[in-house]
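Single-structure report; data block below.
The values are calculated or read from the model by the stated rules, or taken from the named source; none is laboratory data. Predicted model, so just to flag it, every value in this text is computed and none were measured. Here Cβ is always computed from backbone atoms with ideal geometry, including for glycine, and neighbour counts include all displayed protein chains.
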Amino acid sequence: MDKYRVPNRANLLRAREYGLETSFIHIEQTRRLADFTLCKYRNLTSYHHSSISTMNLDQSESRYLLSGGSNGHICCHDMLPSSLVTTHPIVFQIDRNSNRDHHTHNICSLLWYPNDNGLFVTLGLDKKLKIWDTNQVKMVDEYEFSNFAYSAHMPSTANASVIAVAHENGDLRLIDIRSGSDSHVIHSHTKKGICLVKWFNNNPNLLASGGVDGRVLFTDVRSSRAHYMSLDRDNILTNNEQIKSRQTTVSSVAHHRGVKSLEFLPDNTHLLTVGADDLMYLWNVNNGQRLLVNYGPITTNNVRILTIACAQMKHDRTKSVVYVPCGKYVRVYDILTGQRLTTLSGHLMPVSTCIYNRLSVELYSCSDDILVWGAVKKQQEDYEISMKNPERRNEATKTLAQILNRDQWSDDEDED
């Protein structure tokens, strides 16, 4: 935790006064990453009456949060403003009462179109993938499969139009939503099935897929080969001469049981995987070697797919954390050392998804409800005290952005 502590604040404020505001914000945001607490006075307008299976936050504004339930219902909440005390309203909802094109089974994946929240994609266990117009909340296209599909993902790059869908029979199907083509099928995994699929952050032609058999494969969609790399848990990157790295083989597995999570780090050179063997591994994407980092056991329960959230500081890559659902809790780890920084407690049911909002530096997690986490412990304590003093209520309910960016010196000097 030492490297996440803030240096002398007087020096930081003095640097900001001389125009070095960026440094102040970077250091303050780094501190907040490992100092999250439950935002007790921020609620989402109630909607889901069943467990929430997945969520997704739009990339263009980091504002609209989609959530899908086990009964097929979908809801969108507006997460702004990020005030200390607020109730986030529902923007729209899709269910049997509001839309005849609703899903009838559990929602597996929710995807916002990259860089444009005018379109989003939903995938359900009713074997249907639907494309929606956000403004009209109207389905504009639909794809139906013969096999169950458990995961879908789109590249985060601009002008992306291809959706990768993972099927239970071991096939990866590529759907081009611009042309409507869904004929490109990659037979990469065994017939045991694919758990999930994820595109690389910086390359719209490369994707990673995790199978029920524990294999993690890297595929280049431009190539005729089913995959160009297979991750092997015994292929370890270390300076220890007694532990030698080895070449991957057909029988290479990343986990001894099914893969439950794939998440690329913002630096685009590392990948985190979580398996049903209750282990989390860190991999070098370029050479496929596993870094010798011990995170300890990760309880995955009966959750089919876990969505973990990574946060990495642009000014210092060594300061990176991951938020991992672990039973009813969310554990926060230092990615490069494996140190557990803290554990977030607040849910009553197992957590399935964590979403990090880089714009407001806060975290969203879901189980049977959705909770908001942020570095607001001191502000909440001040608010509770201010409730006894009405004259201080306006100051206590300022937005988090105002608290972070407000000036700490008087403007009287500028008038002289």
Of 178, 173, the only residue that is charged (D, E, K, R), in a strand (DSSP E or B) and over 20 Å from residue 303 (Cα atoms) is 173
Taking region 155-185 only, how many residues are among the aliphatic types (A, V, I, L, M) and surrounded by 21 or more Cβ atoms within 10 Å (Cβ to Cβ)?
6
Which residue out of 372, 376 is within 12 Å of residue 36 (Cα to Cα), in contact with a Leu (Cβ under 9 Å, 6 or more places away or on another chain) and at pLDDT below 95?
376
Restricting the search to region 31-59, which residues are under 15 Å from the mean Cα position of the chain (by Cα) and more than 13 Å from residue 108 (Cβ to Cβ)?
33, 57, 58, 59
For region 315-341, which residues satisfy the criterion of being buried (at least 16 other Cβ atoms within 10 Å of the Cβ) and of a type in the set (Val, Ile, Thr)?
321, 322, 324, 330, 332, 335
Take residue 103 and tell me if it is more than 26 Å from residue 159 (Cα to Cα) and not polar (S, T, N, Q).
yes
Only one of these is of a type outside the set (Gly, Ala, Ser) and within 21 Å of the chain's Cα centre (by Cα): 194, 177. Name it.
194
Contacts under 6 angstrom Cβ, first residue in region 114-129 being surrounded by 22 or more Cβ atoms within 10 Å (Cβ to Cβ), partner assigned to a strand (DSSP E or B) and of a type in the set (S, T, N, Q), 6 or more apart
123/109
Condition check: surrounded by fewer than 22 Cβ atoms within 10 Å (Cβ to Cβ), in contact with a strand residue (DSSP E or B) (Cβ under 6 Å, 6 or more places away or on another chain) and modelled with pLDDT of 90 or more. Does residue 144 satisfy that?
yes
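Here's the yes/no breakdown for (1) in a strand (DSSP E or B); (2) within 21 Å of residue 304 (Cβ to Cβ); (3) modelled with pLDDT of 95 or more:
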position	(1), (2), (3)
92	yes, no, yes
97	no, no, no
105	no, yes, no
115	no, no, no
131	yes, no, yes
Which members of region 74-107 meet the condition of being touching a Gly at 6+ places or on another chain (Cβ under 9 Å) and of a type in the set (Lys, Arg)?
96
Scan region 143-156 for residues that are assigned to a loop (DSSP other than H, G, I, E, B), under 19 Å from the mean Cα position of the chain (by Cα) and among the aromatic types (Phe, Trp, Tyr) and jot them down.
none
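Yes/no per residue for (1) among the basic types (Lys, Arg); (2) at pLDDT 70 or above; (3) in a loop (DSSP other than H, G, I, E, B); (4) in contact with a strand residue (DSSP E or B) (Cβ under 7 Å, 6 or more places away or on another chain):
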{"position": "16", "(1), (2), (3), (4)": "yes, no, no, no"}
{"position": "23", "(1), (2), (3), (4)": "no, no, no, no"}
{"position": "27", "(1), (2), (3), (4)": "no, no, no, no"}
{"position": "43", "(1), (2), (3), (4)": "no, yes, no, yes"}
{"position": "49", "(1), (2), (3), (4)": "no, yes, yes, no"}
{"position": "55", "(1), (2), (3), (4)": "no, yes, no, yes"}
{"position": "60", "(1), (2), (3), (4)": "no, yes, yes, no"}
{"position": "67", "(1), (2), (3), (4)": "no, yes, no, yes"}
Here are 201, 159: which of them is in contact with a strand residue (DSSP E or B) (Cβ under 7 Å, 6 or more places away or on another chain), assigned to a loop (DSSP other than H, G, I, E, B) and under 22 Å from residue 63 (Cβ atoms)?
201
Within region 167-198, the residues that are among the small types (Gly, Ala, Ser) and touching a Leu at 6+ places or on another chain (Cβ under 8 Å) are 188
From the options 372, 322, 332, residue that is assigned to a strand (DSSP E or B), under 13 Å from the mean Cα position of the chain (by Cα) and in contact (Cβ under 8 Å) with a residue 12 or more places away in the chain
322
If you go through 267, 277, the only one that is acidic (Asp, Glu), in contact (Cβ under 8 Å) with a residue 60 or more places away in the chain and not in a strand (DSSP E or B) is 277
Whether any residue in region 84-103 is under 28 Å from residue 217 (Cα atoms) and in contact (Cβ under 8 Å) with a residue 12 or more places away in the chain is what I want to check.
no
